[in-house]
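A short worksheet on the structure shown next.
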Amino acid sequence: MPEFTLAEKLEILADGAKYDVSCASSGSSRRNSGGIGNAAQCGICHSWTADGRCVSLLKILLTNACIYDCAYCVNRRSNDTRRVMLTPAEVAELTIGFYRRNAIEGLFLSTGVVRDPDHTMELLIEAVWQLREEHRFNGYIHVKVVPGADLLLVERLGRHADRVSINMELPTRESLKLLAPDKSREAIVAPMRRVGELIVQTKEERKCSRKIPPFAPAGQSTQLIVGASGESDLQIVSLAAGLYGRLAMKRVYYSAFVPVNRDERLPVVVGTPPLVREHRLYQADWLMRYYGFAAGELLDEERPNLDLALDPKVGWALRNLHLFPLEVNRADYESLLRVPGIGVRSAQRIVRARRGGHLTLDDLPKLGVVMKRARYFVTARGRFAADLAPDAPGLRGRLLEKPAPPPRWSQPSLFAGTAGIDLRSAITGEL
Ligand code: SF4
């Protein structure tokens, strides 16, 4: 590889990491025990761009060189691009340097595969080990697991990291074979399963003894690319439900396919990437994790894709109008959660507030209910707020949403944009 300065390497490696969306840092609580940094549980150790992306982590690749050739990846072997690599010591020193300058609050470290998965994992472990043991860094660390690596290495990595993730990328074996032929489903699922087991097992063991070191206390996550292959939303959502249920997955991230390579195996994207579809999948995912919906309630074989014009919760309500309107003074918590316009907090507030007396329609906005949507689905003291009954034709038209979240790929690379700080000058201390 030709010689590059550290700043050049960082620019290339931060740019190479920007397509990985799985970098939220919530869920970890690591106390400072004499070193530097804290990982806070309630999400305060990260900040978000206007489009919802976490940017306060130093988000880099160890290397953008890769022996694999995934069709959708900017770093694939067959791309003619500048290849650089940091040493584990450089990763550790950069992270500490940025942390001391208050530019970041943690590290998100991913990588291409160099030589083989085990060798790459050893380099990642070394970088994280140096941060934790030599620099006594207690801040948040999220590291990628390399598919196909020895499971003992996966275990070693998880002992030092707050979160680990293994990107599934493609929802089915067939798509993986077509677009990422060097990776197998088994090589991805085996470490996921092992990480899930170790998370559960370690949590149990630590109930008996806090001396047992934590294992990935912020859990594991994965990323699915949406739109690079032909799977339906039903397939994607069902896969996500399985990952949450069977592999103790903390988060599944959905990433709208961005064409960065010319490759006849990939679809042609006209206009912007499928961001609305990505947004609807996040909403469906949210409904499964926090609102008690099963994948089969949101989608089925006859309707395998989410309605891009409707919030999936509204879509479900419109298909189940026989359940509405719901009387807010009598409905149980689980049923309240299913009303469009009522969220987890407003449902909790309703349940609390009605202990003090019957609620009226006027009380609902004060409790956080979004009446624009909820008015068609609830009554309070028998009164209905809308001029249209829940079974009236035309209700769908009233509940349609503007489907266009802002395009996110127009944003500058992280190198120039992390928390408003130019990382290039942060290297040299010119903040
Ligand atoms: S293994 Fe990862 S870095 Fe390598 S080509 Fe595939 S997606 Fe890209």
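Filter region 293-308 down to residues that are open to solvent by 30 Å² or more (accessible area, probe 1.4 Å) and among the hydrophobic types (A, V, I, L, M, F, W, C) and give me whichever is farthest from residue 392 (Cα to Cα). Within region 293-308, the match that is farthest from residue 392 (Cα to Cα) is 294. Among the criteria (1) over 25 Å from residue 75 (Cβ atoms); (2) open to solvent by 40 Å² or more (accessible area, probe 1.4 Å); (3) not in a loop (DSSP other than H, G, I, E, B), the one residue 242 does not fulfil is (2).
Among the residues of region 84-113, those identified as open to solvent by less than 40 Å² (accessible area, probe 1.4 Å), closer than 19 Å to residue 4 by Cα and either outside any helix (DSSP H, G or I) or among the aliphatic types (A, V, I, L, M) (or both) are 84, 86, 89, 91, 92, 94, 111, 112.
Look at residue 99 and say whether it is within 9 Å of the ligand (Cβ to nearest atom), among the aromatic types (Phe, Trp, Tyr) and touching a residue at least 12 places away in the same chain (Cβ under 8 Å). Against the criterion (within 9 Å of the ligand (Cβ to nearest atom), among the aromatic types (Phe, Trp, Tyr) and touching a residue at least 12 places away in the same chain (Cβ under 8 Å)), residue 99 does not qualify.
Checked against (1) in contact (Cβ under 8 Å) with a residue 60 or more places away in the chain; (2) open to solvent by 60 Å² or more (accessible area, probe 1.4 Å); (3) farther than 17 Å from residue 172 by Cβ, residue 264 meets all criteria but (1).
Taking the options 321, 336, 326, name whichever one is open to solvent by 10 Å² or more (accessible area, probe 1.4 Å), touching a strand residue (DSSP E or B) at 6+ places or on another chain (Cβ under 9 Å) and not small (Gly, Ala, Ser).
None of the other options fit; the residue is 326.
Taken residue by residue, region 265-275 has no member that is at pLDDT 90 or above, out of contact with any strand residue (DSSP E or B) (no Cβ under 9 Å at 6 or more places or on another chain) and under 25 Å from residue 216 (Cβ atoms).
State yes or no: is residue 291 within 30 Å of residue 334 (Cβ to Cβ) and within 16 Å of the chain's Cα centre (by Cα)? Against the criterion (within 30 Å of residue 334 (Cβ to Cβ) and within 16 Å of the chain's Cα centre (by Cα)), residue 291 does not qualify. In this structure, residue 198 does satisfy being away from the ligand (no atom under 16 Å from the Cβ), open to solvent by less than 20 Å² (accessible area, probe 1.4 Å), modelled with pLDDT of 95 or more and more than 30 Å from residue 265 (Cβ to Cβ). Quick one: would you say residue 365 is in contact with a strand residue (DSSP E or B) (Cβ under 8 Å, 6 or more places away or on another chain) and open to solvent by 40 Å² or more (accessible area, probe 1.4 Å)? It is false that residue 365 is in contact with a strand residue (DSSP E or B) (Cβ under 8 Å, 6 or more places away or on another chain) and open to solvent by 40 Å² or more (accessible area, probe 1.4 Å).
Restricted to helices (runs of 4 or more DSSP H) entirely inside region 313-402, those with at least 1 residues that are of a type in the set (Gly, Ala, Ser) and modelled with pLDDT of 95 or more are 333-337, 344-353, 371-374.
In the condition set (1) within 20 Å of residue 251 (Cβ to Cβ); (2) in contact with a Ser or Thr (Cβ under 7 Å, 6 or more places away or on another chain), residue 327 is compliant with all but (1).
Among the residues making up region 142-183, those that are open to solvent by less than 10 Å² (accessible area, probe 1.4 Å), more than 10 Å from the ligand (Cβ to nearest atom) and without any contact (Cβ under 8 Å) to a residue 40 or more places away in the chain are 143, 157, 176. Among the numbered conditions (1) open to solvent by 50 Å² or more (accessible area, probe 1.4 Å); (2) modelled with pLDDT under 65; (3) in the same structural domain as residue 119 (by TED's automatic domain parsing), the only one that residue 36 does not meet is (1).
Of these, 209, 232, which one is free of Cβ contacts under 8 Å to residues at least 24 places away in the same chain and away from the ligand (no atom under 16 Å from the Cβ)? Before you say what the answer is, go through the steps one by one.
Working: 232 fails: free of Cβ contacts under 8 Å to residues at least 24 places away in the same chain.
Going through 209, 232 in turn, the sole match is 209.
Scanning region 58-80 for residues that are assigned to a loop (DSSP other than H, G, I, E, B) and more than 7 Å from the ligand (Cβ to nearest atom) returns 62, 64, 65, 67, 71, 72, 74, 78, 79, 80.
Of all residues in region 104-113, one or more are within 14 Å of the ligand (Cβ to nearest atom) and either modelled with pLDDT under 95 or out of contact with any Ser or Thr (no Cβ under 7 Å at 6 or more places or on another chain) (or both).
The values are calculated or read from the model by the stated rules, or taken from the named source; none is laboratory data. Just so we're clear, the structure is a prediction, and the values are computed from it rather than from any experiment. Here the Cβ is made from the backbone with ideal geometry for all residues, glycine too, and neighbour counts use every protein chain on show. All accessible areas refer to the heavy atoms of the entire protein, side chains included, with ligands and DNA or RNA removed. Shrake-Rupley method; radii C 1.70, N 1.55, O 1.52, S 1.80 Å.
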